Amino acid sequence: MKIRHTFLSLCLVLTTEFDSAHASEPAPAAPVTITIATARSTLELYTGADGRLYQRYYGATRAHLSAPKAKPAREGEFHPPAGNGFILEPALQATHADGNTSTELRYASHETTAVDANIAVTRIKLQDPEYPFAVTLCFRAYRAEDVIEQWVEIRHDEPKAVRLDRFASAAPVFQADSYWLTQLQGDFMREAELQEECLAPGIKVLDSKLGVRAHQMRPPAFLLSLAGPAREESGEVIGGSLGWAGSFQFAFEVDHRRQLRALCGINPFGSAYQLDPARTFRTPPMFWAWSDAGKGGLSRNFHRWARQYGMRDGAKPRPVLLNNWEATYFKFDEAKIVSLFDGAKELGADLFLLDDGWFGNKHPRDDDHRGLGDWQVNTKKLPHGLSYLADEAKKRSIGFGIWIEPEMVNPLSELFEQHPDWVIRQPKRELQFHRDQLILDLTRPEVQAFARRVIDDTLAPNPGISYVKWDCNRYVMQPGSSYLPADRQTHLLIDYQWALYDVMRHMAEKYPKVMAMLCSGGAGRADFSSMQFFHSFWPSDNTDPMQRIYIQWGFGHFFPPGAVIAHITDKGHRPIKFTCDVALTGALGVDRDVSRWTPAERATVAATIALYHNRIRDLVQQGDQYRLESPYEGKRAALDYVSPDRARAVLFVYQLGETAATLGPVKPRGLDPAQRYRVREINLPAKAKSRLALHDQVVSGASLMSEGVQPPLRHAVESLVVEFVAER
Ligand code: DGJ
C-alpha cells in the first residue's frame with residue numbers, strides 16, 4: 001500500500017531552525033520567475049519590484065506570455081496577506097504576537113526538486129520583513145495527469161503565539177470575460193447534484209460549517225470554466241478539489257477589475273488558530289486539475305491521477321460486496337446472516353459486509369438510539385462471534401467485512417456512562433442530538449487511543465475480516481471541547497480532522513490487506529485526503545437507480561468509477577435489468593436479501609456479477625470514462641468506458657422518460673478510429689435476443705464514433721449495454 005504523503009500526520013510539527021535573516025532580507029534585484037509545469041499546463045509566478053510574489057498565468061502551456069509587469073497591481077498578488085494594503089479577501093490573516101494585525105510577505109527563496117520522472121515539488125518561501133514569520137507555498141506538479149497539488153506551511157519564531165484567522169490552501173487568480181462555476185450541491189439522499197452559474201461581481205461562497213460529516217451538502221470540489229459554460233469535450237476547464245474532510249470554504253471573488261480570485265481551504269469560520277512559536281501550521285492540500293478537452297478531459301485527468309496517487313491501492317480491483325443494510329437493517333441474528341452468505345455465494349459476490357447492529361450488550365444496538373460506542377459483539381444476536389461468521393463466509397469462498405463508526409457514541413451506551421466528558425458539546429447548553437448520537441472529541445488523546453482500540457479490537461482477533469465500512473452519521477452543532485483550553489476552543493474542528501486522519505492511517509498501515517469503504521450517512525465524507533486510506537466511498541443511501549444515475553454522474557466528475565460504490569437493491573422498485581445496468585458503472589455490489597428476489601431476478605443479478613467479474617470490471621474501474629449524454633439534458637443518459645489500449649470498450653445507455661419514438665443514435669467516444677470492433681449487446685435478459693441493429697457486426701471505430709449506435713429504447717427505465725472488442 002502506498003500512502004501519498006507524510007504531511008497528514010504532521011500538521012503541527014515542532015521545528016527548531018528558523019531563518020533569522022528575516023529582518024534584513026532585501027527585495028530581489030531582478031524579477032524571479034517561477035514556473036510550475038505539467039505536460040500541458042503552466043502556473044507561472046514572478047516577483048514584482050516590491051519583492052512580493054504575483055501570479056502571471058495559469059492555463060495551457062504557451063510558447064509566449066506577455067512580459068511581467070514591474071509594478072503589478074496588488075490584486076494580482078499570489079497569496080495576499082491581510083492588513084498592509086491588500087484590500088480584498090485575503091489568503092492569510094494573522095495577528096502577530098505584539099498585536100499587529102498586518103502581515104507582509106516578500107519572496108525569500110524557492111527550490112524545485114524532481115521526485116521522479118512524473119512529479120516535481122516546488123517550495124517558495126515568503127518572509128515578513130519585520131517579523132520572524134514565514135509562509136512557504138508548496139506545490140507538487142503531476143506531469144502526465146496535468147494536476148497541481150498546492151498547500152501552505154506557516155511558521156514563526158515570535159515570542160508568543162500568533163493568531164491565524166485565515167489560512168487558505170490556495171488563492172489563484174483568473175482573468176476572463178466571464179467565470180462559470182459548477183458545484184455539486186445536495187443533501188442526504190440527493191447528493192452531488194450538478195449546478196452551474198455565471199459568477200457576478202462580489203463574493204460567492206461555497207462552504208461547509210458542519211465540521212464532521214462535513215460534505216453532506218456538497219463535497220469540497222468545483223469546476224471553473226472561463227468565458228462560457230463548461231463544455232463536455234472541448235474548451236479549457238479547471239477543477240479544484242480540497243483534500244479535507246472537515247469544514248471548508250471556497251470563496252470566489254470577482255473584484256472591481258473583473259478578475260476572479262478563488263480562495264480555497266479550511267473554513268476559517270469559528271476556527272481562529274493560535275500558532276505557537278517554532279510550530280508549523282500546514283494547510284490541507286488543494287488539488288487543481290486542468291484540461292483543454294472540456295469537463296470530460298478534466299475528469300479523466302482527475303481519474304488517472306486519483307488511481308495513481310489520490311486513493312488507496314488505485315489499481316487493485318474492487319470486490320463485489322453483498323451488504324446487509326437494506327436487507328435487514330438492525331433486525332438480524334446469526335442464522336439470518338449466515339443465510340445471507342448463501343445468497344452472496346449464489347450470486348457470485350466476493351464478500352459479505354455486515355452492517356450496523358452487530359454490537360452492544362447492556363444497550364444492544366437493535367436500533368439507532370443505543371449501543372454506539374460499545375464495540376463488543378452482541379452475544380444474543382451473534383453468540384459465536386465475528387470469527388465464526390468470517391469462517392462461515394470462508395466456507396462459502398466469500399470474504400467477510402464489518403461496519404464501524406468509531407467517532408460516535410449514543411448517550412444510551414456504556415461508553416457514555418463511563419466518559420460523558422469525551423463528547424463534543426458546549427458547556428451550559430442543552431445537548432443537541434442528531435440520529436440520537438454524539439461525536440467523540442478526537443482532540444482528546446484518550447479518545448484517539450479509544451478509536452484506535454476499536455479498530456484493533458475488531459480486526460486483530462478476527463483476521464478473517466478483510467473489509468471495513470467506516471461510517472459517520474452526524475455533524476457538529478455545538479463545537480466545544482472539554483479537553484482544549486479556553487483560548488484554544490476554536491482549534492477543535494481543525495485538530496479533530498488531523499487526529500481523524502491519524503486514526504484512519506493507523507487502520508490503513510496496520511491492516512494493509514483489509515480493504516475499506518468510506519461512508520458518512522451517504523457521502524458526508526468524500527475528499528482526496530480521506531481517500532488515501534480508503535478504496536471506495538459510499539455515494540448515497542439513495543440506491544434507486546433512477547436517482548443513482550445522477551448521483552454517480554456528479555461524483556464521476558472528480559472520482560474514478562472504481563471509487564464510487566454502486567449497489568443493486570430494490571429501492572425504487574425498478575426493473576431488475578435497469579437496476580443492474582446502473583450499478584455496473586461503478587464499484588458493483590448488492591444490498592438485498594437475495595431470497596426475496598424471484599429465481600429469474602436472482603439469475604439476472606448473478607449474470608450481471610459474472611459479466612462484471614469476467615468482462616468489464618477492469619474497463620469500469622481502470623478505463624477512461626466518457627460521458628456521452630447527460631441525464632440533465634434530455635430523456636436519455638449515456639456513457640462509455642474504454643481500455644487504455646482502446647482495444648475494448650463498454651457503452652451504457654439509460655432511457656429516463658417516455659418518448660414517442662426512439663431518440664437518435666448514441667455516439668461512443670474514445671475508440672480508435674482505425675480499429676474495427678465487434679459490437680455486441682451484453683447483459684441481455686436470459687434468452688432475450690438483441691434488438692440492436694449492429695449486434696454482432698464488425699464496424700470501424702471511426703464509423704461507430706461518427707454514426708453511433710441506435711439504442712432500441714423508448715420507455716422509461718429501459719437500458720442497453722454494448723461491448724466493443726477490437727478484432728485483431
Ligand atoms: C448510514 C450509511 O450510509 C448506511 O449505508 C448504513 O451503513 C447506516 N448508516 C447504518 O447505520
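The values are calculated or read from the model by the stated rules, or taken from the named source; none is laboratory data. Computed from a prediction, not measured in an experiment: that's the story for all the values here. Quick reminder, even Gly has a Cβ in these numbers, built from the backbone with ideal geometry, and neighbours come from all protein chains shown. Calculation scope for accessible area: heavy atoms of the full protein, side chains included, ligands and nucleic acids excluded. Shrake-Rupley method; radii C 1.70, N 1.55, O 1.52, S 1.80 Å.
Some observations on this one:
- With a requirement of 3 or more residues that are more than 16 Å from the ligand (Cβ to nearest atom) and open to solvent by less than 20 Å² (accessible area, probe 1.4 Å), the strands (runs of 3 or more DSSP E) lying completely within the range 277-331 that satisfy it span 286-291.
- Number of positions in the range 577-610 that are open to solvent by 20 Å² or more (accessible area, probe 1.4 Å) and closer than 13 Å to residue 721 by Cβ: 3
- The range 347-365 - residue that is of a type in the set (D, E, K, R) and buried (at least 16 other Cβ atoms within 10 Å of the Cβ) and, of those, farthest from the ligand (Cβ to nearest atom): 350
- The single residue among 261, 257 that is among the basic types (Lys, Arg) and touching a helix residue (DSSP H, G or I) at 6+ places or on another chain (Cβ under 7 Å) turns out to be 257.
- Selection status of residue 555, within 16 Å of the ligand (Cβ to nearest atom), under 21 Å from residue 352 (Cα atoms) and at pLDDT 95 or above: no
- Scanning the range 584-621 for residues that are out of contact with any strand residue (DSSP E or B) (no Cβ under 9 Å at 6 or more places or on another chain) and in a loop (DSSP other than H, G, I, E, B) turns up 593, 597, 598.
- Listed by first and then second residue, the pairs with beta-carbon distance under 9 Å, at least 6 apart or on different chains, first residue in the range 693-711 and acidic (Asp, Glu), second surrounded by fewer than 16 Cβ atoms within 10 Å (Cβ to Cβ), are 696/678; 707/665.
- The range 372-417 - residue that is surrounded by fewer than 20 Cβ atoms within 10 Å (Cβ to Cβ) and basic (Lys, Arg) and, of those, nearest to the ligand (Cβ to nearest atom): 380
- Flag set for residue 476, criterion: more than 23 Å from residue 314 (Cα to Cα) and away from the ligand (no atom under 16 Å from the Cβ).
- Residues (of a type in the set (A, V, I, L, M, F, W, C) and closer than 13 Å to residue 520 by Cβ) located in the range 197-220: 210, 212, 214, 217
- The condition of being under 19 Å from residue 267 (Cα atoms) and not in a helix (DSSP H, G or I) holds for only one of 477, 517, that being 477.
- Considering residues of the range 499-549 that are more than 16 Å from the ligand (Cβ to nearest atom) and among the polar types (S, T, N, Q) only, the residue surrounded by the fewest Cβ atoms within 10 Å (Cβ to Cβ): 532
- Residue in the range 437-449 that is buried (at least 24 other Cβ atoms within 10 Å of the Cβ), of a type in the set (D, E, K, R) and at pLDDT 95 or above present: yes
- Residues that are in contact with a helix residue (DSSP H, G or I) (Cβ under 8 Å, 6 or more places away or on another chain) and farther than 23 Å from residue 576 by Cβ number at least 3 in the following strands (runs of 3 or more DSSP E) confined to the range 630-728: 676-682.
- The listed residues are 658, 633, 681, 629, and the only one of them that is out of contact with any Phe, Trp or Tyr (no Cβ under 6 Å at 6 or more places or on another chain), more than 28 Å from residue 303 (Cβ to Cβ) and modelled with pLDDT of 95 or more turns out to be 658.
- Per-region count, the range 533-559, residues closer than 21 Å to residue 401 by Cβ and in contact with a strand residue (DSSP E or B) (Cβ under 8 Å, 6 or more places away or on another chain): 10
- From the list 483, 496, the one residue that fits, being open to solvent by less than 10 Å² (accessible area, probe 1.4 Å), away from the ligand (no atom under 16 Å from the Cβ) and of a type in the set (Ser, Thr, Tyr), is 496.
- For the range 176-213, filtered to residues that are crowded, with 19+ Cβ neighbours inside 10 Å and small (Gly, Ala, Ser), the residue that is nearest to residue 539 (Cα to Cα) is 192.
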